[in-house]
Amino acid sequence: MEKTTFHLRDDRIRRNCIEAIQHLPTSPDKPLQVIIQEDTRSLAQNRMLWACLHDVSSQVVWYGKKLDSDSWKHIFSASLKGQETVPGINGGFVVLGQSTSKMRVSEMRDLITLIHAFGAEQSVRFSDESALAAEWAGRFGSAE
């Protein structure tokens, strides 16, 4: 059986999903799995994230170093997830992290909020696209 995805945006789709589940064949030899999860972040949210990261990377010197956007992404996602570091094979440290492409919408909202809070502490002047990201995060509200 192949994977079927339903995006529960309204009651009609919800009813279609329930009906599809009710018509699935059942067998003790081939149990089926139904997964309900929040959507992962959109391409628009990803653009907003990178605009925020660019603003921070172009304006903040961190412990004497100017970091690129990708490095800041690792720092912020590690902070958001409370991730840990482990010693690297050839010295240094490696952050055990999560890819932002796998983040849910609410996690992306929290990440953008974290970046803006950090940026405010560091006197970062955010670009228009970054400001839109903060507005989106504010409008999205809590994950509850």
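Every read-out reported here was derived from the displayed coordinates using simple, explicitly stated rules and does not represent laboratory data. Nothing here was measured: the structure is a model prediction, and the numbers come from that model. As a convention, Cβ positions derive from the backbone with ideal geometry for all residues, glycine included, and neighbour counts pool all protein chains shown.
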* Structure fact -> Scoring only Lys, Arg, Asp and Glu (+1, +1, -1, -1) among other residues with Cβ under 15 Å from the Cβ of Ser99 yields +3
* Asked: With a 10 Å Cβ neighbour count serving as the proxy for reagent exposure, in which order, fewest first, do Cys52, Cys17 appear?
  -> Cys17, Cys52
* **Mean ellipticity per residue at 222 nm, deg cm²/dmol - from DSSP H runs of n ≥ 4 across the chain, formula -39500 (n - 2.57)** => -16000 deg cm²/dmol
* Asked: Is the shape of segment 43-140 rounded, prolate or oblate, going by the alpha carbon gyration tensor and its root eigenvalues a ≥ b ≥ c, with a/c under 1.5 for rounded and a/b larger than b/c for prolate?
  -> oblate
* Asked: Mind checking which lysines have their C-alpha under 24 Å from Lys3, skipping anything on the same chain fewer than 8 residues away?
  -> Lys30, Lys102
* Would you be so kind as to identify which of Met108, Thr5, Ser127 lies farthest towards the positive end of the dipole of the chain, taking Lys and Arg as +1 and Asp and Glu as -1 on Cβ and the Cα centre as origin? => Thr5
* Counting only C-alpha contacts under 8 Å and six or more residues apart, can you give the relative contact order of segment 43-140 as a whole percent? => 36 percent
* To do: Note down the nm distance, to one decimal, between modelled labels 7 Å out along Cα→Cβ at Glu121 and at Gln59.
  => 1.6 nm
